[in-house]
1. Can you tell me which of (1) more than 18 Å from E142 (Cβ to Cβ); (2) touching a Phe, Trp or Tyr at 6+ places or on another chain (Cβ under 9 Å) is the one M10 doesn't meet?
2. Could you please find all residues in the stretch 51-87 being more than 21 Å from the chain's Cα centre (by Cα) and within 18 Å of A292 (Cα to Cα)?
3. For residues that are of a type in the set (S, T, Y) and out of contact with any Ser or Thr (no Cβ under 9 Å at 6 or more places or on another chain), scanning just the stretch 314-367, find the one that is nearest to Q406 (Cα to Cα).
4. For D85, indicate whether it is at pLDDT 95 or above, surrounded by fewer than 17 Cβ atoms within 10 Å (Cβ to Cβ) and not in a helix (DSSP H, G or I).
5. Please indicate, with yes or no, whether at least one residue in the stretch 228-241 is touching a Lys or Arg at 6+ places or on another chain (Cβ under 9 Å), surrounded by fewer than 21 Cβ atoms within 10 Å (Cβ to Cβ) and on the phi > 0 side of the Ramachandran plot.
6. State all residues of the stretch 244-303 that are acidic (D, E), more than 28 Å from the chain's Cα centre (by Cα) and surrounded by 14 or more Cβ atoms within 10 Å (Cβ to Cβ); if no residue qualifies, say none.
7. Looking at L99, is it in the same structural domain as T22 (by TED's automatic domain parsing), in a strand (DSSP E or B), touching a residue at least 24 places away in the same chain (Cβ under 8 Å) and hydrophobic (A, V, I, L, M, F, W, C)?
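The values are calculated or read from the model by the stated rules, or taken from the named source; none is laboratory data. Remember, it's a predicted structure, so these values are computed and weren't measured experimentally. Quick reminder, even Gly has a Cβ in these numbers, built from the backbone with ideal geometry, and neighbours come from all protein chains shown.
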Amino acid sequence: MSQFISVFDMLKIGVGPSSSHTLGPWRAAQQWIQKLKKTDDFNQIDGIRVDLFGSLSLTGKGHATDFAILLGLSGTDPEYIPIADIQGIVNKIKETKTLLFNDERNIVFSIENIVFNKEFLPFHANGLTFRGFSKGKEITTETYFSIGGGFVIQEEIVTPKKNKISKKNFPFPIKRATELEDYCEKEGKLISEIIYQNELQLRSANEIDTELKRIWKVMLQSMYTGCHTQGILPGGLQVKRRAFDTHKKLIKDAIYSNPQEWIASIRNTEVKFREILKWVSCLALAVNEVNASLGRVVTAPTNGSAGVIPAVLMYYLLIENHEADFEHIKKFLLVTGEIGSIFKKNATISAAMGGCQAEIGVSSAMAAAALTELLGGTPSQCLVAAEIAMEHHLGLTCDPIGGLVQVPCIERNAMGAIKAINAAEMALETNPKDSLVPLDKVIDTMWETAKDMNRNYKETSEGGLAVTVGLADC
């Protein structure tokens, strides 16, 4: 896979708790409707069945996959739907056994029409099939795969010809980290500058800034909301929100009324070393508590790892550089997007395919590289930082208790953020020529590790903590 993957592909705005199990199926439902609209099938359909396979089936209930499909079939969009409306739409479908298909016409639909099949489809662990019926006869069948980070594909349309790009399309086509490093060296540019030139082939400078500001606004709001919301997370594990109490202790007597005043207030407070660690952990926890509550977050590169990048970026804004502005945020996000895309092209960002190393490990590597650039590191040192961060997440399994993106997922975001900062600091003190393990090699190793990992530890809740602890112990 050598195509250019935009930062806006890697950082998507959506609804929690999972990019592969919630956002992906939601987008798949939208894509199916778009396909039906090209024929008369949309108007003919009077019945729908959705089959979930593999990891989508095994942990779909805890990941709200059924909710996502209902919302997608209802014609809502995860970027813009008011969060407060979600439960009402789902409840109405359940109670009336009627679906307002694409917000256009009513058809009979029961929640039992979403079928959880434990078997795996051969192409990918996250498969789902939409079946449309007319007068009892099946008239259309389409299978989609949610491959992580909100990306959705159909197996039959994935061909090398469609994926290939040329230098005529983008000034700096990149598949491997070595290619990125070479471009930076030859052009005398930072990673963010190289990627910005590629992004300009897809959008105007104004559009890039507008979209990056929108992404940052959602990241900031998710941190702010998580820090100001208390109670118990939904799902049955009775997990208490922790960001609220930690944040309350950290802010002391600070007064503010919105996220901007919040940042200013923290910057004006003397923060001790131990409190820095608490702030980073608190912010990462906050985002993923919002995610676990079907709140709006930014996949970075997935929902399950959505807290790492915002927490590390806030660390830079609150601790390292009080004069930082949007240009710093822009550079940070551009670097994260490119590092994430290299992992996606050469390995995976799907926990169902690679375990949690593919989510928290990748997000930590993305954040480490971006922080290194903002702290004055060279492009080579940025890649060293990404390598260090991933190296120390290799083999991390995905074993969510009850199929919920809560335990151990939320804490792992805090750990991933701290590791990213530590990796950046080590990289800044490293001569890249002395680095024994190149980023490309650690990505290759991650993919080999993913392939060797027992399937039980890839987001199935059939191994690890999900079994040794389990719902009965909670």
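1. (2)
2. Result: A84, D85, Q87.
3. In this case the residue turns out to be T348.
4. On the way: at pLDDT 95 or above: yes; surrounded by fewer than 17 Cβ atoms within 10 Å (Cβ to Cβ): yes; not in a helix (DSSP H, G or I): no.
Here the answer is no, as D85 does not meet what is asked.
5. The answer is yes, given that some residue of the stretch 228-241 is touching a Lys or Arg at 6+ places or on another chain (Cβ under 9 Å), surrounded by fewer than 21 Cβ atoms within 10 Å (Cβ to Cβ) and on the phi > 0 side of the Ramachandran plot.
6. First, the residues of the stretch 244-303 that are acidic (D, E): 245, 253, 261, 270, 275, 289.
Next, from what is left, pick out any that are more than 28 Å from the chain's Cα centre (by Cα): 253, 270.
If the condition is that a residue be acidic (D, E), more than 28 Å from the chain's Cα centre (by Cα) and surrounded by 14 or more Cβ atoms within 10 Å (Cβ to Cβ), then no residue fits.
7. yes
Residues checked against (1) assigned to a loop (DSSP other than H, G, I, E, B); (2) in contact with a Pro (Cβ under 8 Å, 6 or more places away or on another chain):
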residue: P17; (1), (2): yes, no
residue: W26; (1), (2): no, yes
residue: W32; (1), (2): no, no
residue: L36; (1), (2): no, no
residue: T39; (1), (2): yes, no
residue: N43; (1), (2): no, no
residue: I48; (1), (2): no, no
